[in-house]
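Comments concern the structure below.
The values are calculated or read from the model by the stated rules, or taken from the named source; none is laboratory data. Quantities reported herein were computed from a predicted structural model and do not represent experimental measurements. Cβ placement follows ideal geometry from the backbone for every residue including glycine, while neighbour counts extend to all protein chains displayed.
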Amino acid sequence: MKILLISSNIATSPYPIYPLGVSIIAAALERAGHEVHQFDVLQHEDFLNAVGEEIKQLGPELIGISIRNIDNVNLVHEQYYIDTVKNIVRKIREVSNTKIVLGGAGFSLLPGLILRETGADYGVVGEGESLIVDFVNDAACGKYPEESIIGSDTRLCGTQISPARYEEGLIKYYLQSGNIVSVQTKRGCTHKCIYCTYPVLEGAEIRQRDPSSVVDDIELLADKHKVKYIFFVDSVFNDEKGAYVALLEEMERRKVKVPWTGFFKPKGLDDEIVELMKKTGLIAVEIGSDAASDTTLKKLGKGFSFQDIVECNELFARHEIATSHYFMFGGPGENEGTVLEGIENIKALKRCVVFIFMGIRILPGTPLARIAVKENIISADDGMLEPVYYISPGVDKKWLEETLTKAFEKTRHCVFPPDTFDNSLRLLHKMGYIGTMWDLLLPDRKPPAGRQHYAG
């Protein structure tokens with residue numbers, strides 16, 4: 001069966017993210033004997049007309065649309081993405097009567113609402129590798145399910161998680177947009193952060209891919225596609241069970257060293273493991289610190305203190321690893337006192353970059369959603385398709401925005417709102433610099449002299 005898979009993600013903040021989910025589904029379908037074509041809207045300035053032309057030329061028998069995010073979770077500068085999907089579906093209907101299937105992490109959060117809102121035919125909830133193959137195999141025989149939403153309560157084990165089919169045309173675009181390409185090493189999250197959907201989407205158990213298969217992906221990207229920067233997209237790279245260590249050891253054994261980064265939690269690391277990370281190419285870390293005081297950290301369900309954040313920051317700084325933190329103000333337990341305390345705590349962090357968010361996007365299935373209902377911030381039947389943000393009743397929204405703006409407006413390495421650096425980043429990528437580049441905001445860091453700049 002001839003299939004067109006469309007990545008509908010239009011977000012480029014802070015930089016374009018390779019559509020890994022689409023490539024994983026493409027690989028699974030190709031192994032099942034189907035002809036698959038991948039289309040990324042970010043590659044096209046006029047992507048709606050480009051979608052129409054692609055369908056006319058290709059003549060697909062089935063079209064899948066991947067939805068990565070519902071919105072940009074930035075209260076100060078909101079962007080809502082479901083209208084983009086709706087427009088893509090409308091364009092498909094203009095040129096084809098092919099069945100349309102939705103999927104992706106964003107879709108799985110609110111499948112019924114999104115399916116109705118966009119007018120697509122079917123939707124796949126959860127891990128799509130096996131579900132979509134079964135769907136397509138039946139569709140090839142003219143059989144379609146009675147229910148419009150297809151899902152399963154079972155999850156793939158780590159060795160069943162497909163390697164991606166990295167497509168040459170997509171890779172080329174991302175090489176020109178910072179040279180950052182995504183790799184997944186595992187799924188699942190054992191943490192209980194009250195706002196996070198990772199446990200909802202991926203489960204609360206770590207399911208590690210075969211480290212050898214992951215390193216195969218890295219070697220393919222580095223050797224064949226000339227990728228110079230890897231982003232490990234796991235919810236947390238340094239998981240508590242230490243699954244990541246086996247990957248690092250496999251990379252070291254095979255002498256693989258490619259500049260890489262990932263998301264980290266600020267606990268459970270030491271000098272020895274950071275040295276091993278550096279040997280394999282670690283060049284920057286993004287730390288989910290999330291709250292800036294012990295009071296608000298506890299309310300968010302974090303299993304660490306602000307002192308743990310300080311010590312983690314010092315650890316990476318000691319090893320000259322570019323370090324960034326992400327903090328959210330306005331969560332449960334926040335009040336004027338914790339805001340002011342948090343500002344001082346952040347300013348006391350040395351040799352790092354800080355991105356600051358105001359408010360927390362409320363998402364279905366999370367403890368934060370239940371808190372918001374209890375505090376009458378949302379109603380129990382609120383679908384949450386359009387962005388709704390939690391801001392603690394203990395702090396005034398206007399006061400909070402004004403206070404954060406004033407506190408950080410003259411502090412170069414503390415970024416509020418969090419997308420303030422985006423335009424500069426895009427310009428640097430157009431000039432040929434590679435990597436996430438936020439390390440240029442570090443105190444005393446000068447712009448790179450050459451174009452092959454890896455750090456941060």
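Computed quantities for the displayed model
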| item | result |
| --- | --- |
| Among (1) touching a Lys or Arg at 6+ places or on another chain (Cβ under 6 Å); (2) more than 21 Å from TYR244 (Cβ to Cβ); (3) surrounded by fewer than 23 Cβ atoms within 10 Å (Cβ to Cβ); (4) not basic (Lys, Arg), the one test that ASP308 misses | (2) |
| Within the stretch 64-83, tally of residues that are crowded, with 18+ Cβ neighbours inside 10 Å and either touching a helix residue (DSSP H, G or I) at 6+ places or on another chain (Cβ under 6 Å) or under 15 Å from ALA120 (Cβ atoms) (or both) | 9 |
| Residue list for the stretch 389-414, filter: surrounded by 15 or more Cβ atoms within 10 Å (Cβ to Cβ) and either modelled with pLDDT of 95 or more or not assigned by TED's automatic domain parsing to the domain that holds TYR326 (or both) | TYR389, TYR390, ILE391, SER392, VAL395, LEU400, GLU401, THR403, LEU404, ALA407, PHE408 |
| Residue match in the stretch 290-312 (condition: part of a strand (DSSP E or B) and either under 30 Å from LYS374 (Cα atoms) or not assigned by TED's automatic domain parsing to the domain that holds GLY394 (or both)) | yes |
| Test: residue in the stretch 5-26 that is buried (at least 20 other Cβ atoms within 10 Å of the Cβ), over 22 Å from LEU109 (Cα atoms) and modelled with pLDDT of 95 or more | no |
| Scan of the stretch 311-326 for residues that are out of contact with any Cys (no Cβ under 9 Å at 6 or more places or on another chain) and crowded, with 18+ Cβ neighbours inside 10 Å, ordered by number | CYS312, LEU315, ILE321 |
| The one condition in (1) more than 18 Å from VAL36 (Cβ to Cβ); (2) out of contact with any His (no Cβ under 9 Å at 6 or more places or on another chain) that ILE132 fails to fulfil | (1) |
| Helices (runs of 4 or more DSSP H) (entirely within the stretch 191-255) containing at least 2 residues that are surrounded by fewer than 17 Cβ atoms within 10 Å (Cβ to Cβ) | 211-219, 243-253 |
| Subset tally (residues that are farther than 16 Å from ALA164 by Cβ and in contact (Cβ under 8 Å) with a residue 12 or more places away in the chain) for the stretch 35-46 | 4 |
| Neighbours by Cβ (under 7 Å, 6+ apart or cross-chain): first from the stretch 255-266, assigned by TED's automatic domain parsing to the domain that holds SER324; second aliphatic (A, V, I, L, M) and part of a loop (DSSP other than H, G, I, E, B) | PRO259/ILE283; TRP260/ILE283; THR261/ILE283; PHE263/VAL236; PHE264/VAL236; LYS265/VAL236 |
| Inter-residue pairs, beta-carbon under 7 Å, first under 14 Å from LYS255 (Cα atoms) and in the stretch 276-291, second assigned to a helix (DSSP H, G or I), 6+ apart | LEU276/LEU248; LEU276/GLU252; MET277/LEU248; LYS279/GLU252; THR280/LEU248; THR280/MET251; THR280/GLU252 |
| The stretch 327-358, subset acidic (Asp, Glu) and surrounded by fewer than 18 Cβ atoms within 10 Å (Cβ to Cβ), residue farthest from ASP270 (Cα to Cα) | GLU336 |
| Positions within the stretch 92-128 being among the charged types (D, E, K, R), surrounded by fewer than 18 Cβ atoms within 10 Å (Cβ to Cβ) and touching a residue at least 24 places away in the same chain (Cβ under 8 Å), in sequence order | ARG93, GLU94, LYS99, GLU117, ASP121 |
